[in-house]
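The next block holds one structure in the form of structure tokens; read it before the comments.
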Protein chains: 2
Amino acid sequence: MTEKAFQDYYPDHWSQCYGCGRLNAHGLQIKSFWDGDETVSTFQPKPYHTAVPGYVYGGLIASLIDCHCTGTAAAAAYRAEDRAMDTEPPFRFVTAALHVDYLKPTPLGVPLEIRASVEEIKGRKVVMNATLSADGLVCARGHVVAVQVPDHMMSK
Amino acid sequence: MTEKAFQDYYPDHWSQCYGCGRLNAHGLQIKSFWDGDETVSTFQPKPYHTAVPGYVYGGLIASLIDCHCTGTAAAAAYRAEDRAMDTEPPFRFVTAALHVDYLKPTPLGVPLEIRASVEEIKGRKVVMNATLSADGLVCARGHVVAVQVPDHMMSK
């Protein structure tokens, strides 16, 4: 893909996140894109992202859903205003609530696909549903409430 | 503390977890202990465990609550049977559902204290409530449902 990911529009100050910051050398550096009305991110876990041998660590699954959804919230907020992601004023979101249901063990060694869709945009809040799949099977479901970062924090 | 942590009782096969495995060199290696009827774990985030500069990444918070609670579930199951953690048959738990409410930004640079208490033990399921605090302030709350690993997976 040659299009920029949601996270590539974040300014440097917002690009330090362990989950999605392009400037965090230790981090996961996830990338999220639109796919129709859904958003999608693909992530290849490292061998050490294990729970029990052969399966992906649940904390990583929560982290991927979390960061993919805060990126989705920002992208959805721009789209709701019919604006490009590089236009002002900027939208940045943080997680208020994260719920993950682990439906089945997630195999380690294959790329994971995280998809999200917006359930509701209400004021400064975006509510989303997400899935995490491996080999085409949904292994976890997420429900995330993200809130827009207060303006005074944006000025940093 | 000289007492063994819950995680130190896990056999090698169950000690690979990125969050709590004593044998995962890349992982967080959290340690959990009883403190009366609650369980407690203390964790010092690394500087790169950041969300925006100065604050802890939400995925780490979810991960800490997750692994502390699966350890708590095992410890509570032994305690419910009035057995030591090194007695047979072993109890190991995985997460079925994880809910985290992020109440306020968690400062980076200080130790985090994760506490959990058992809400209910029902069959193979343990339901827990958790808090994550920094500088004595609760920054996040968790609610976790853990389920006992099926016997056929225990034999590995």
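The values are calculated or read from the model by the stated rules, or taken from the named source; none is laboratory data. Predicted model, so just to flag it, every value in this text is computed and none were measured. With ideal geometry, Cβ positions are generated from the backbone for all residues, glycine too; neighbour counts draw on all protein chains shown.
All conditions in (1) within 14 Å of another protein chain (Cβ to nearest Cβ); (2) under 27 Å from residue A:136 (Cα atoms); (3) exposed (fewer than 14 other Cβ atoms within 10 Å of the Cβ) hold for residue A:102, with the sole exception of (3). Scanning segment A:112-128 for residues that are part of a strand (DSSP E or B) and among the small types (Gly, Ala, Ser) yields A:116, A:117.
On inspection, residue B:71 does not qualify as without any contact (Cβ under 8 Å) to a residue 40 or more places away in the chain and crowded, with 21+ Cβ neighbours inside 10 Å. Residues in segment B:10-35 that are surrounded by 21 or more Cβ atoms within 10 Å (Cβ to Cβ) and aromatic (Phe, Trp, Tyr) were compared, and the one that is modelled with the lowest pLDDT is B:14. Kindly indicate whether residue B:117 is modelled with pLDDT of 95 or more, within 30 Å of residue A:14 (Cα to Cα) and polar (S, T, N, Q). Criteria not met by residue B:117.
Say we look at segment B:65-92 and pick out the residues that are among the charged types (D, E, K, R) and at the interface with chain A (Cβ under 9 Å from one of its Cβ atoms); which of these is nearest to residue B:15 (Cα to Cα)? The extreme case among them is B:92. Checking each residue in segment A:107-153 for being within 11 Å of another protein chain (Cβ to nearest Cβ) and of a type outside the set (A, V, I, L, M, F, W, C) picks out A:141, A:142, A:143, A:150.
Against the list (1) part of a strand (DSSP E or B); (2) farther than 30 Å from residue A:150 by Cα; (3) among the small types (Gly, Ala, Ser), the condition residue B:71 fails is (1). All conditions but one from (1) within 13 Å of another protein chain (Cβ to nearest Cβ); (2) modelled with pLDDT of 95 or more apply to residue B:53; the one that does not is (2).
Would you check if there is a residue in segment B:80-87 being in a strand (DSSP E or B), without any contact (Cβ under 8 Å) to a residue 40 or more places away in the chain and within 20 Å of residue B:36 (Cα to Cα)? Don't jump to the end; show me each part of the working.
Within segment B:80-87, the subset in a strand (DSSP E or B) is none.
Within segment B:80-87, not a single residue is in a strand (DSSP E or B), without any contact (Cβ under 8 Å) to a residue 40 or more places away in the chain and within 20 Å of residue B:36 (Cα to Cα).
Within segment B:32-51, the set of residues being assigned to a loop (DSSP other than H, G, I, E, B), farther than 19 Å from residue B:135 by Cα and without any contact (Cβ under 8 Å) to a residue 40 or more places away in the chain comprises B:36, B:48. Does residue A:62 fit the bill of being touching a Phe, Trp or Tyr at 6+ places or on another chain (Cβ under 6 Å), among the small types (Gly, Ala, Ser) and either within 30 Å of residue B:12 (Cα to Cα) or more than 7 Å from chain B (Cβ to nearest Cβ) (or both)? No: the conditions fail for residue A:62.
Of all residues in segment B:106-127, those that are crowded, with 17+ Cβ neighbours inside 10 Å and over 18 Å from residue B:41 (Cβ atoms) total 1. Here is the figure for segment A:36-50: residues that are out of contact with any helix residue (DSSP H, G or I) (no Cβ under 6 Å at 6 or more places or on another chain), surrounded by 12 or more Cβ atoms within 10 Å (Cβ to Cβ) and more than 10 Å from chain B (Cβ to nearest Cβ) total 3. Does any residue of segment B:89-111 turn out to be over 12 Å from the mean Cα position of the chain (by Cα) and part of a helix (DSSP H, G or I)? No, there is no match, as no residue in segment B:89-111 is over 12 Å from the mean Cα position of the chain (by Cα) and part of a helix (DSSP H, G or I).
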